[in-house]
């Protein structure tokens, strides 16, 4: 995400807040984010790509990956490969969730991309598009 | 937690801490209450493992240092419990060394030890002292003992994960890896071991397992973490460095089969020397160079995209190897011109 736009940074912040709110447990949740406030606590590389947000509980019973996309991001093949890699990864783990955070006007495009990339082996992954105003 | 009171305590008035994770690591296979000798042995053995004791207390070095200085520089920390028992919560090895000096009749007065005594510390205060002293401090425990302690704090004592991370210096990755590695080892490896076979030295393999590359490769190839534990137990994987090779081995059918029958080393031999057909072996370098050029010119774009998205694919590795060899050859050929 290095050198990303203010819009992308804002999407990542809202993505982190959503993940913390929806997946909080009594024992807590560990969140890694590609955001300056997280310092060294960066998400792991998955399939050659670093997601914007990675979260899990401990010991692990669920796993969450969140990715923020701006209009510019959606124009690149790299973005599509990236999302596909994250879905492939999450399909290997139980109780996994993928969030795609986009500006509200990209909701339709995001839903199309998700439908286009989803394969039968991804059916165990809960996928959610988060349109932010 | 108050500041505590600095005093000299008779060594026999202070109990070694039986709940100390470093002690318990070596007493896990003992049934019932450990004796003093077992605890002492555990302290001695725990610190003598140079292989994974980065920064750990080494009893022999500590013993020599105490002898040279005529005593300890930092007081041990003692908790005076409501029933007046004095339990050493930090400095068990130093207390043990003082006792051994007395029993070995070493010159000097070793019957009293400098101690910072707290009264009725809460469990969370004891945890805070241990965490600061042994997880990030200068006298760190070995990796397995640290992980076991963190796991217990988080899983059994329900200490919030954010608090544990803050105590450990804020690095989420280290704490997450330690707790999850311990949890995986307890859940999968302990399940396949009879008591005497459970080897805490295998912990490093479970740390390597936490790499997403490694875990994904195992699951993607249709194996489970129980399979991984069997590989560790049976010796298919002999050291932690070999765990990192699994993402290369498991996707390749032949290497995988060899790995399952033998070990990582044998599987790597298969990968390093891929079988070539007789025709390819007999071809001259000019024929191969021409064939390679033609193959590159006619490669479908979809295949390029696939390879671009699969940087760990064997084909990508062989292409990079070929590039390196060709560059070396071209350099040599041009050297004479």
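Observations, loosely collected:
- Between residue B:304 and residue B:221, the FRET efficiency from the beta-carbon distance, with R0 = 25 Å, is close to 0.50.
- Remark: relative contact order (region A:88-133) = 59 percent; criterion is Cα-Cα distance under 8 angstrom and separation of 6 or more residues.
- In terms of packing, defined here as the mean over residues of other Cβ atoms within 10 angstrom, the peptides B:249-255, A:38-44 line up highest first as B:249-255, A:38-44.
- Mean Cα-pair separation over length for region A:24-133, i.e. relative contact order, pairs under 8 Å, 6 or more apart, %: 22 percent
- Relative contact order computed over chain B (Cα-Cα under 8 Å; 6+ residues apart), in percent: 13 percent
- Reduced Cα scattering model of the protein assembly as shown, Debye log10 I(q)/I(0), q = 0.09 Å⁻¹: -0.78
- Helix-only mean residue ellipticity at 222 nm for chain B, each DSSP H run of n ≥ 4 adding -39500 (n - 2.57), per residue, nearest 500: -15500 deg cm²/dmol
- When peptides A:22-29, B:302-309 are ranked by their average number of other Cβ atoms within 10 Å per residue, the highest-first order is A:22-29, B:302-309.
- Long-range Cα-Cα pairs in region A:1-65 (distance over 14 Å), rounded percent: 56 percent
- The shape of region B:137-247 can be summarised by an equivalent ellipsoid whose semi-axes, obtained from the alpha carbon gyration tensor, come to 25, 16, 13 Å from longest to shortest.
- Taking the longest Cα principal axis of chain B as reference, the axis of helix B:285-297 is set at about 80 degrees.
- What the Cβ-Cβ distance of residue B:244 and residue B:6 gives, at R0 = 51 Å and to the nearest 0.05, is a FRET efficiency of 0.60.
- Note on B:290, B:130, A:63: ascending count of other Cβ atoms within 10 Å places them as B:290, A:63, B:130, the fewest first.
- Taking only the alpha carbons of region B:66-144, we obtain Rg and Dmax values of 13.8, 39 Å in that order.
- Once you reduce region B:262-333 and region A:35-76 to the center of their Cα atoms, the two points are 33 Å from each other.
- In units of the compact-protein estimate 2.2 N^0.38 Å, chain B shows a Cα radius of gyration of 1.38.
- The label-point distance for residue B:277 and residue B:158, in a model that sets each label 7 Å from Cα toward Cβ, rounds to 6.6 nm.
- Look at the stretch A:40-50: the mean tally of other chain Cβ atoms within 10 Å of its residues' Cβ atoms is 4.
- Cα long-axis angle, helix B:59-69 against chain B (0 to 90 degrees, to the nearest 10): 50 degrees
- Estimated inter-spin distance, residue A:7 and residue A:107, nm [label 7 Å along Cα→Cβ]: 1.7 nm
- Taking the C-alpha atoms only, the angle from helix B:92-103 to the longest principal axis of chain B is near 60 degrees.
- Ranked B:187, A:8, criterion: other C-beta atoms within 10 Å, fewest first: B:187, A:8
- Here is the size of chain A from its Cα atoms: Rg then Dmax, 13.7, 40 Å.
- Order of B:159, B:185 - criterion: other Cβ atoms within 10 Å of each residue's Cβ, fewest first: B:159, B:185
- Distance from the alpha carbon centroid of region B:66-132 to that of region A:79-106 works out to 53 angstrom.
- Shielding of peptide A:70-83 by partners, expressed as the average count of other chain Cβ atoms within 10 Å per residue Cβ, is 1.
- Take the Cβ atoms of residue B:187 and residue A:45, set R0 to 35 Å, and the FRET efficiency comes out at 0.85.
- Exercise: per-residue mean of other protein chain Cβ atoms within 10 Å, B:149-161: 2
Values quoted throughout were computed directly from the atomic coordinates according to the rules given, and no laboratory measurement underlies them. For clarity, every value in this text was computed on a predicted model and none was experimentally measured. Cβ coordinates were reconstructed from backbone atoms using ideal geometry, including for glycine residues, and neighbour counts include every protein chain displayed.
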